[in-house]
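K.L.:
Quick one: this structure, given as structure tokens, is what I'll be asking you about.
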There are 2 protein chains.
Amino acid sequence: PLNCSGHQEPSCSHCVGQRGKITDMSVLQEISSNVRNIKQMEYFVLFRRTNQIKEELRQGVRKSYREVIDVSWGDPHRAGVKPLSFVRQVLAACLYPQLMDGDKLMVDVKQRAQRLLETCAGGSVGSYSDTAGIPQIIQSVSEYILRRDGGVPCHPENIYITPGSQWALTVTNILKVLVNSEASPRTGVLIPVPCHSTTIVSLTALGAVAVPYYLSEERGWALEVEMLQQALDSAKGVCNPVALYIINPGNPIMFKAGNRRSFFFYEFVSYKRALAEIGAPLSDTVELASFHTASKGLMGECGLRAGYVELVNLDPAVMKYIDNLFSNSCPVLGQVALDVMVNPPQPGDPSYPLYLKETQHIRASLAENVRRVEEVINSFPSFSCQSLEGGAFAFPRVFLPPKAIEKAKEAGLQPDTFYCMRLLEEAGLLFSPGTEYGQMEGTYHIRFCIMTPTDTMEEILKRLSTFHKQFMREFA
Amino acid sequence: PLNCSGHQEPSCSHCVGQRGKITDMSVLQEISSNVRNIKQMEYFVLFRRTNQIKEELRQGVRKSYREVIDVSWGDPHRAGVKPLSFVRQVLAACLYPQLMDGDKLMVDVKQRAQRLLETCAGGSVGSYSDTAGIPQIIQSVSEYILRRDGGVPCHPENIYITPGSQWALTVTNILKVLVNSEASPRTGVLIPVPCHSTTIVSLTALGAVAVPYYLSEERGWALEVEMLQQALDSAKGVCNPVALYIINPGNPIMFKAGNRRSFFFYEFVSYKRALAEIGAPLSDTVELASFHTASKGLMGECGLRAGYVELVNLDPAVMKYIDNLFSNSCPVLGQVALDVMVNPPQPGDPSYPLYLKETQHIRASLAENVRRVEEVINSFPSFSCQSLEGGAFAFPRVFLPPKAIEKAKEAGLQPDTFYCMRLLEEAGLLFSPGTEYGQMEGTYHIRFCIMTPTDTMEEILKRLSTFHKQFMREFA
């Protein structure tokens, strides 16, 4: 029509149906709302400013720090942790088998690389693998789970090698099977608080309702049955909770309420073993999806994009559909790394001494970081840090003065985002605000990765202490 | 209710809403129909039998061949083609930088690895990269495209590094923006025939209509304007064609019909350059998405899962949404390989002589394979093979005798699947039937990868010739 100037309104008959990108408005709007959710995340404000500051530093702008330390990711190598030599040697030997001719590599590195190359089509990590992953590597994973769980059976056909345990590609696939976007009442999934906000975005995008249950900060972020019960009560009349999502390394827990008996676990400790120990009928009926990845733990190989999911007690009919959801997307080198993750060097192997030294160093650094973080943070009355028993992050509570909270409001930021922004600006430290993860109303937190070299952590704590004193003085 | 025995019918009030997997029936049914489409593909019958035969051979069952040669994939390394040393050396050096200390690696390998490691967070390929890919590698890709297209501008912000150019992860993302599943009439996408059937499955799953246009076999599978016009005519009253999907290395072609001006290209030759040469207004308005991958071409690194897409003339509003679709999923080592792909060793570089020798060897092998395939296949009156000018596959027509067609019907198979099944059983060769890709009614084809070492191709042609003679005698 005459009054259309390409304004791309879905209601305009000229625009609708004429061009792919216009006819697609409904899809775009759906995506749009996700993007909005994500872009509104407070973290992105910080992330953008970090890039600006880095550019300013490159251009020679003077600041009290020479580089930004980014500990907002669970990304150990980014923070300066060194990769494990055995992992990298096996990967390098698989990529460039000529390396095995010399005497630079230990015999167990060569044997492992040789064995893994034999599992690759054409003997090359450059060929495609089977849909669920390389069968021999799936076998290795299932034997590892069997050992880990003290003999609880593990069936290779229940294991899928996946590109990491990323929400976008892996957990969402499982949720697709679980969530019926058309259901009434809607499907509910119990999620912990704190928990990354992408979890809520993903659930909402699938048409589910996120039902938060609060972890107990005073008890070191433990999972408490009463909190689960409160969450279930809050869901009444709103949605039908069918799954429980667990991400913290707390104690295993099961629950059964009415006819609900489908649960869903994200594990660091073995919920599968705990389930088996409960015995029938629960051990044969509770459905469990447990994820693991080469990105976390001692390896920290985030860039390889490799993980696996084990599915327990799923209906065979559902398994058939899942077959189709996971298609052939884990890079072969990532699969090689998984094989090493589940079969590290053993005492007596030529690579064992170095492997032991490196892993002990990572463990000792982490223990030292834990000790120092608790010591330094808890030396401030305006900070409170629970003892760090597992996981890669500290999540201390910060008691912000009313004047700071007021100032944050003026800036249009959540109080803890305001704190993190000033921390970034003045101390060159990128932390995440608790707002990103959910927290009890009126409480504020900051979150940072503690898997760093010890000298990096000292530098972080020094900058944090200096900044925090100034900040508290300013807003006293 | 009393009469429910866990039958999982969506209509049963006992089942509905009780368990995640039941409430989810609508999603499962949708997935189910995709699975059915895929599982019904004739190729899967062959694939399953291949695995059985391999197992039989392992168990010592006697056959006229000692191993199955699988040339049904476009997977050069699987077929025995050797990886390029420079690619593998750079990757190995990035993974295990200690390799750079010795004198085993050329100085340009070390320099490249050093430069690439500097682009990785924390100097490790084990850390996460930015969402669209590592900025410096995106820059390399954009400079490569600029050179390739003789100076046609290429903007880094239009490039996304992706996990291969796989349908599942990459092309589908672009189609999501293009296809409105609610549109009436439905969105149409013109696709070539032959073309892999997953293309149709993906389009159908997104709610689009696949509008086939036939390539001209007599003219060496060329794209002809009349065929496109026929396809457009066939779409009238059925759907609204908004995009053209091109996968063969034919001549660039544009069309504009009525208000339609959104097209979509898959390129091996530069459609972007052709578009620029046409000039305004088309060159500024036709939207183009062009894909490339490390899986194809001289590298053949399928297992690394790396590719890129360049988006041209897309609406800035749409680009914002696309930002969110591609998230952080190309493995860092795959990105490293892309950098080498777009910047191979140049004359004068220490690695150039070996690189030249290896790539010349691959090219010469391919040329020899092309010559021999045409020679051998066309020596049979019951075969007809178009001259192979590009691409990694031969797609000869086979004139099957009526008795063979009848026998295939009895076996419940398409005639060319029947031929391929016998070829597998008797000669240990895994080819794909033309049925998988679409073909003119009453014609039959077989498809196999020609990117193999020359001795492998000789073995393939020997087995094929012997089998074909017997087969034609049997059904004469």
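The values are calculated or read from the model by the stated rules, or taken from the named source; none is laboratory data. Remember, it's a predicted structure, so these values are computed and weren't measured experimentally. All Cβ positions, even for glycine, are placed from backbone atoms using ideal geometry, and neighbour counts span all protein chains on display.
K.L.:
Applying the selection to segment B:225-241, what residues are over 14 Å from residue B:192 (Cβ atoms) and in contact with a helix residue (DSSP H, G or I) (Cβ under 8 Å, 6 or more places away or on another chain)?
P.N.:
B:240
K.L.:
Given the conditions (1) within 14 Å of chain A (Cβ to nearest Cβ); (2) under 21 Å from the mean Cα position of the chain (by Cα); (3) within 30 Å of residue B:107 (Cα to Cα), report the number of the one that residue B:289 does not fulfil.
P.N.:
The one condition residue B:289 does not meet is (3).
K.L.:
Within segment B:269-277, identify whether any single residue is out of contact with any helix residue (DSSP H, G or I) (no Cβ under 6 Å at 6 or more places or on another chain), small (Gly, Ala, Ser) and at pLDDT 90 or above, and answer yes or no.
P.N.:
Among the residues of segment B:269-277, not one is out of contact with any helix residue (DSSP H, G or I) (no Cβ under 6 Å at 6 or more places or on another chain), small (Gly, Ala, Ser) and at pLDDT 90 or above, which makes the answer no.
K.L.:
Could you figure out which of (1) crowded, with 23+ Cβ neighbours inside 10 Å; (2) among the aliphatic types (A, V, I, L, M); (3) at pLDDT 95 or above isn't true of residue B:451?
P.N.:
All conditions pass for residue B:451, except number (3).
K.L.:
More than 26 Å from residue B:305 (Cα to Cα), in contact with a Leu (Cβ under 7 Å, 6 or more places away or on another chain), touching a residue at least 24 places away in the same chain (Cβ under 8 Å) and of a type in the set (Val, Ile, Thr), is that true of residue A:179?
P.N.:
Criteria met by residue A:179.
K.L.:
Going by the structure shown, is residue A:20 at the interface with chain B (Cβ under 10 Å from one of its Cβ atoms), more than 29 Å from residue B:128 (Cα to Cα) and modelled with pLDDT of 70 or more?
P.N.:
So residue A:20 does not fit the description; no.
K.L.:
Kindly establish whether residue A:121 is touching a Phe, Trp or Tyr at 6+ places or on another chain (Cβ under 8 Å), among the small types (Gly, Ala, Ser) and more than 8 Å from chain B (Cβ to nearest Cβ).
P.N.:
So residue A:121 does not fit the description; no.
K.L.:
Can you spot a residue in segment A:324-342 that is surrounded by fewer than 19 Cβ atoms within 10 Å (Cβ to Cβ), farther than 23 Å from residue B:129 by Cβ and without any contact (Cβ under 8 Å) to a residue 24 or more places away in the chain?
P.N.:
The answer is yes; a qualifying residue exists.
K.L.:
Going through segment A:422-434 one residue at a time, which ones are within 14 Å of residue A:405 (Cβ to Cβ) and surrounded by fewer than 23 Cβ atoms within 10 Å (Cβ to Cβ)?
P.N.:
The one that is within 14 Å of residue A:405 (Cβ to Cβ) and surrounded by fewer than 23 Cβ atoms within 10 Å (Cβ to Cβ): A:422.
K.L.:
Can you tell me which residue among A:422, A:371, A:397 is without any contact (Cβ under 8 Å) to a residue 12 or more places away in the chain and either closer than 30 Å to residue A:119 by Cβ or charged (D, E, K, R) (or both)?
P.N.:
The match here is A:371.
K.L.:
Right, something else. Determine, yes or no, whether residue B:374 is modelled with pLDDT of 95 or more, among the acidic types (Asp, Glu) and within 24 Å of the chain's Cα centre (by Cα).
P.N.:
no
K.L.:
Shifting gears a bit: Hey, any hits in segment A:425-446 for a residue that's without any contact (Cβ under 8 Å) to a residue 60 or more places away in the chain, in a loop (DSSP other than H, G, I, E, B) and farther than 27 Å from residue A:220 by Cα?
P.N.:
Among the residues of segment A:425-446, not one is without any contact (Cβ under 8 Å) to a residue 60 or more places away in the chain, in a loop (DSSP other than H, G, I, E, B) and farther than 27 Å from residue A:220 by Cα, which makes the answer no.
K.L.:
Consider residue A:90 carefully, then state whether it is in a helix (DSSP H, G or I), touching a strand residue (DSSP E or B) at 6+ places or on another chain (Cβ under 6 Å) and closer than 22 Å to residue A:349 by Cα.
P.N.:
Considered against the rule, which asks whether it is in a helix (DSSP H, G or I), touching a strand residue (DSSP E or B) at 6+ places or on another chain (Cβ under 6 Å) and closer than 22 Å to residue A:349 by Cα, residue A:90 comes out as no.
K.L.:
Quick check on segment B:282-293. Is at least one of its residues outside any helix (DSSP H, G or I), touching a Phe, Trp or Tyr at 6+ places or on another chain (Cβ under 8 Å), among the acidic types (Asp, Glu) and touching a residue at least 12 places away in the same chain (Cβ under 8 Å)?
P.N.:
The answer is yes; a qualifying residue exists.
K.L.:
Being in the same structural domain as residue A:379 (by TED's automatic domain parsing), assigned to a helix (DSSP H, G or I) and either within 25 Å of the chain's Cα centre (by Cα) or within 23 Å of residue A:56 (Cβ to Cβ) (or both) is the requirement here; does residue A:457 meet it?
P.N.:
In short, yes.
K.L.:
Hey, residue B:320 hits all of (1) away from chain A (no Cβ under 14 Å); (2) without any contact (Cβ under 8 Å) to a residue 40 or more places away in the chain; (3) more than 23 Å from the chain's Cα centre (by Cα) but one; which does it fall short on?
P.N.:
Against the list (1) away from chain A (no Cβ under 14 Å); (2) without any contact (Cβ under 8 Å) to a residue 40 or more places away in the chain; (3) more than 23 Å from the chain's Cα centre (by Cα), residue B:320 comes up short only on (1).
K.L.:
Within segment B:44-94, take every residue that is acidic (Asp, Glu) and under 22 Å from residue B:466 (Cβ atoms) and give me the one that is farthest from the other protein chains (Cβ to nearest Cβ).
P.N.:
It comes out as B:56.
K.L.:
Take residue A:335 and decide whether it is more than 14 Å from chain B (Cβ to nearest Cβ) and within 18 Å of residue A:140 (Cβ to Cβ).
P.N.:
no
K.L.:
OK, next. For residues that are surrounded by fewer than 22 Cβ atoms within 10 Å (Cβ to Cβ), in a loop (DSSP other than H, G, I, E, B), at pLDDT 80 or above and within 13 Å of chain A (Cβ to nearest Cβ), tally how many sit in segment B:176-221.
P.N.:
Qualifying residue count for the region: 3.
K.L.:
So how many residues does segment A:225-236 have that are over 24 Å from residue A:175 (Cα atoms) and assigned to a loop (DSSP other than H, G, I, E, B)?
P.N.:
Adding up the residues that qualify gives 0.
K.L.:
Given the condition over 25 Å from residue A:395 (Cα atoms), within 12 Å of chain B (Cβ to nearest Cβ), acidic (Asp, Glu) and crowded, with 16+ Cβ neighbours inside 10 Å, answer yes or no: does some residue in segment A:303-312 qualify?
P.N.:
no
K.L.:
One residue is enough: does segment B:95-104 have a residue meeting the conditions facing chain A (nearest Cβ under 8 Å) and touching a Leu at 6+ places or on another chain (Cβ under 7 Å)?
P.N.:
yes
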